[in-house]
Amino acid sequence: FLNSLTDSGTSAAPITYSGGWDRTSMAVQDGETWIDGMSSNGRGFNINSMSYIRISNFGIVRAFHGIYADGLHTEVSNFHTAGSERGLQTTTIGSRVVLLGCNFSNSSLSNIESGSAIMNIKLRRVTMNSSNLAHGFGTDASYPAEVTGVDLVCKNNGLYGVNHMSSVPIRLSNLITANNLSGGVYSPNSDKTLLVNPLLSDGTAIGVNF
């Protein structure tokens with residue numbers, strides 16, 4: 001692992017990992033810190049059973065996971081991944097993940113994926129582009145994952161921009177999709193899917209498949 005987290009915070013005092021500090025004085029946070037996994041075998045941040053974690057101002061390239069969030073509460077802001085197998089994967093039952101101002105691109109599988117977990121995912125100003133083999137964003141059919149998102153972009157993905165297989169509600173506002181090979185949105189549970197002000201431009205593929 002590139003960065004394996006070993007301590008948990010609390011709801012009142014989360015542990016923060018932040019990049020982008022001025023390397024001369026370390027007094028000004030005016031940039032981003034980028035980490036190169038080189039072999040695509042490691043995890044940029046391995047949150048293994050750690051909870052109440054905040055991560056901000058980092059970029060991860062050529063890792064297996066940009067973030068592997070196996071904790072109960074993870075907040076990520078201004079975070080970017082490129083060339084990793086999965087940008088972010090969540091797996092823990094009862095977990096809550098908040099993403100703000102993130103960009104996940106050029107993953108070989110899903111850019112963001114919820115695995116075997118019952119979870120709550122909140123997205124705001126998140127871009128999920130160019131997953132070579134799969135979806136920009138995906139949830140698992142076997143496990144409930146409640147998703148709310150505002151200002152999302154899913155383009156140029158190998159399957160759907162959004163693939164919501166979970167049976168609990170998904171609400172996406174200001175979703176933009178384009179050039180996703182299978183279509184913009186796939187959600188077999190149409191009564192659980194609410195799209196507010198979407199712009200779906202997926203060429204010959206269907207925009208929404210219920």
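The values are calculated or read from the model by the stated rules, or taken from the named source; none is laboratory data. Remember, it's a predicted structure, so these values are computed and weren't measured experimentally. Methodologically, a virtual Cβ is constructed for each residue, glycine included, from the backbone with ideal geometry; neighbour enumeration extends over all protein chains shown. Accessible surface areas use protein heavy atoms only, side chains included; no ligands, DNA or RNA. Shrake-Rupley method; radii C 1.70, N 1.55, O 1.52, S 1.80 Å.
Identify all residues within the stretch 150-176 that are under 12 Å from residue 197 (Cα atoms) and open to solvent by less than 10 Å² (accessible area, probe 1.4 Å); write none if there are none. Residues satisfying the conditions are 152, 172, 175.
For the criterion of being within 17 Å of residue 123 (Cα to Cα) and modelled with pLDDT under 85, residue 90 passes. The lone criterion from (1) under 12 Å from the mean Cα position of the chain (by Cα); (2) surrounded by fewer than 19 Cβ atoms within 10 Å (Cβ to Cβ) left unmet by residue 111 is number (2). One residue stands out among those in the stretch 1-59 that are hydroxyl-bearing (Ser, Thr, Tyr) and assigned to a strand (DSSP E or B): the one that is most open to solvent (accessible area, probe 1.4 Å), which is 16. Among the residues examined, residue 135 does not qualify as buried (at least 24 other Cβ atoms within 10 Å of the Cβ) and within 16 Å of residue 193 (Cα to Cα).
Here residue 62 meets the list (1) under 21 Å from residue 97 (Cβ atoms); (2) under 17 Å from the mean Cα position of the chain (by Cα); (3) not aliphatic (A, V, I, L, M) almost entirely, failing just condition (1). The set of residues in the stretch 65-105 being within 14 Å of the chain's Cα centre (by Cα), surrounded by fewer than 21 Cβ atoms within 10 Å (Cβ to Cβ) and among the hydrophobic types (A, V, I, L, M, F, W, C) consists of 82, 98, 100.
Yes/no per residue for (1) modelled with pLDDT under 90; (2) over 17 Å from the mean Cα position of the chain (by Cα); (3) not hydroxyl-bearing (Ser, Thr, Tyr):
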{"site": "135", "(1), (2), (3)": "no, no, yes"}
{"site": "139", "(1), (2), (3)": "yes, no, no"}
{"site": "154", "(1), (2), (3)": "no, no, yes"}
{"site": "167", "(1), (2), (3)": "yes, yes, no"}
{"site": "171", "(1), (2), (3)": "no, no, yes"}
{"site": "189", "(1), (2), (3)": "yes, yes, yes"}
{"site": "196", "(1), (2), (3)": "no, yes, yes"}
{"site": "205", "(1), (2), (3)": "yes, yes, yes"}
